[in-house]
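The values are calculated or read from the model by the stated rules, or taken from the named source; none is laboratory data. A quick note: this is a predicted structure, and the numbers were derived from the prediction, not measured. Cβ: placed from backbone, ideal geometry, glycine included. Neighbour counts: every protein chain shown. In case anyone asks, the SASA skips ligands and DNA or RNA and just uses the protein heavy atoms, side chains included. Shrake-Rupley method; radii C 1.70, N 1.55, O 1.52, S 1.80 Å.
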Amino acid sequence: MLDEADITNVAVRPQYRRQGIGLQLVTMMLGMMGRLGVTSVLLEVRESNIPAIRLYERYGFTAYNKRKNYYRNPAEDAVLMVVTLC
């Protein structure tokens, strides 16, 4: 769908975390997607990655489902999240 996008990976090296870099990356991605006419953005995140989940929630992402054993090494569920852009 042309109005839907997926975020597949957002990563910040451990030594640079908690400096607002992830926030800036997500801000830039969502801004760019909005300018391109995207209305829905989806992503998967490890269930244990609470800092990432909280970051996405700041942007209005909500959890809508889980994928059992989606990740490997270690095996872990994925939380599926979505946000609607205006």
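Scanning segment 25-63 for residues that are under 19 Å from C86 (Cα atoms) and open to solvent by 90 Å² or more (accessible area, probe 1.4 Å) turns up M28, M32, R35, L36, R58.
Each row is one residue, and each column tells you yes or no for (1) within 21 Å of G22 (Cβ to Cβ); (2) more than 12 Å from the chain's Cα centre (by Cα); (3) β-branched (V, I, T).
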{"position": "T39", "(1), (2), (3)": "no, yes, yes"}
{"position": "E44", "(1), (2), (3)": "yes, no, no"}
{"position": "N49", "(1), (2), (3)": "yes, no, no"}
{"position": "A52", "(1), (2), (3)": "yes, no, no"}
{"position": "R58", "(1), (2), (3)": "yes, no, no"}
{"position": "R72", "(1), (2), (3)": "no, yes, no"}
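Among the residues that make up segment 5-19, is at least one of them of a type in the set (F, W, Y) and in contact with a Lys or Arg (Cβ under 6 Å, 6 or more places away or on another chain)? No.
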